[in-house]
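In what follows, a single structure is set out as structure tokens and then discussed.
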Amino acid sequence: MMKKIWDFCKDKNLGRESKIRLFLFLNIICWCGIGAVLWLVVSRVALDNMTWLFVFIGYAGVFPGWIGGMLKMMNMGNELVLNK
């Protein structure tokens, strides 16, 4: 999923910093959506309080979304420098 998001951002006519910001924003939004869907499934059986929705969205947005996106950008360091 991150590769598809990055390919989408790479095709935009933006500067390097803007591409990275757009990628991180879209990655976080996608992971928050995944967390919300996961909560929707889990809430059918347990944890049906709305507070848990924010927990699922928050953890999914922060850990795989923001931190995972930052790690991907760090690993792509050479590609980012070459494609200024």
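Pairwise Cα distances in the chain exceed 20 Å for 39 percent of all pairs. Between Leu40 and Met74, the distance separating the two model label sites (each 7 Å from Cα on the Cα→Cβ line) works out to 3.3 nm.
A helix-only calculation puts the chain at -22500 deg cm²/dmol for mean residue ellipticity at 222 nm, using -39500 (n - 2.57) for each DSSP H run of at least four residues, averaged over all residues.
Find the relative contact order for the chain and round it to a whole percent, using C-alpha pairs within less than 8 Å whose residues are 6+ positions apart. Reported as a whole number, the value is 35 percent. Helix 16-42 against the longest principal axis of the chain: what's the angle in degrees, Cα atoms only, rounded to the nearest 10? Relative to the chain, helix 16-42 is tipped by roughly 20 degrees.
Placing a pseudo-label 7 Å from each Cα along the Cα-to-Cβ vector at Asp11 and Ile67 gives an inter-label distance of 3.2 nm. In degrees between 0 and 90, to the nearest 10, how far off the longest principal axis of the chain does helix 50-60 point, with axes built from Cα atoms? Once rounded, the angle reads 30 degrees.
Computed extension gain for Phe25 through Asn49, at 0.36 nm per residue and net of the alpha carbon distance, reaches 5.9 nm.
Rule-based calculations on the coordinates, nothing more; no lab input. Values in this document were obtained by computation on a predicted structure and should not be read as measured data. Every residue, glycine as well, gets a Cβ built from its backbone with ideal geometry; the counts of neighbours run over all protein chains shown.
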